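Participant: Just passing along the structure, written as structure tokens.
The values are calculated or read from the model by the stated rules, or taken from the named source; none is laboratory data. All figures in this text were calculated on a predicted structure; none of them were measured in a lab. Heads up, the Cβs are rebuilt from the backbone with ideal geometry, glycines too, and the neighbour counts pull from every protein chain shown.
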Amino acid sequence: MQSEPKPNILPSPLPAVVCPLDEAAIVARLDEAARRGKLPGFAGAPRAGVLFTITDFGTPFESVLVATAHRAEGVTRVTFKLRLKPLVPAVFASALVVTVWPGVWLTDSLLRTYSSWYMSLPDWVTYAWYLPLTAPFCPPAFMAAVRRSRAAAAVEARELIDKVASLLGAHTEGA
């Protein structure tokens with residue numbers, strides 16, 4: 001029996017969009033499409049060096065698709081980078097860590113209330129068995145969520161890039 005191959009953790013490079021329009025025309029056309037509801041999460045030129053961003057895709061953590069443009073020989077080549085939004089993963093990691101400690105107190109209180117034999121044990125006994133059963137699983141749970149988010153974002157980013165290319169009447173190249 002053959003096992004399934006593991007998915008590639010590092011997504012392959014994203015395709016680029018090659019378009020005859022200049023940067024201003026690209027942003028104007030995509031902004032118009034976003035206003036019609038065809039490109040949700042679009043924001044044009046939020047900072048220097050960035051042509052536009054598309055946000056709010058990928059699960060469980062959202063991602064941002066950052067586009068930069070390089071104009072040469074009458075065509076604009078739009079390249080893309082993908083990154084996770086950092087706030088929700090940080091909150092998730094904090095929640096994992098913070099929920100372990102109250103569990104020690106709750107479990108100790110529960111066992112001391114309902115088990116007479118547990119009352120005779122010293123206080124540190126609960127910490128000694130509870131923490132090794134719970135704390136080591138926080139980092140793997142966090143990393144699994146990050147891997148799922150990156151994989152989902154990579155798939156959705158390719159779909160968004162194809163949509164951008166079709167809205168611009170352009171084609172993709174690479175990856």
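Participant: Consider segment 92-128. How many of its residues are touching a residue at least 24 places away in the same chain (Cβ under 8 Å) and within 27 Å of the chain's Cα centre (by Cα)?
Facilitator: Selection size over segment 92-128: 5.
Participant: Considering only segment 3-26, state which residues are more than 25 Å from Ala153 (Cβ to Cβ) and at pLDDT below 50.
Facilitator: Within segment 3-26, just Ser3 meets the criteria.
Participant: Determine, yes or no, whether Val64 is surrounded by fewer than 19 Cβ atoms within 10 Å (Cβ to Cβ) and not charged (D, E, K, R). So that I can check it myself, show each step before the final result.
Facilitator: Values: surrounded by fewer than 19 Cβ atoms within 10 Å (Cβ to Cβ): no; not charged (D, E, K, R): yes.
When the stated conditions are applied, Val64 does not pass them.
Participant: While we're looking at this one, here's another question. With the requirement that a residue be β-branched (Val, Ile, Thr) and touching a Gly at 6+ places or on another chain (Cβ under 7 Å), what does segment 48-98 give you?
Facilitator: Ile54, Thr55, Thr68
Participant: In segment 68-99, what count of residues is obtained for those that are more than 30 Å from His171 (Cα to Cα) and surrounded by 15 or more Cβ atoms within 10 Å (Cβ to Cβ)?
Facilitator: Counting residues in segment 68-99 that are more than 30 Å from His171 (Cα to Cα) and surrounded by 15 or more Cβ atoms within 10 Å (Cβ to Cβ) gives 4.
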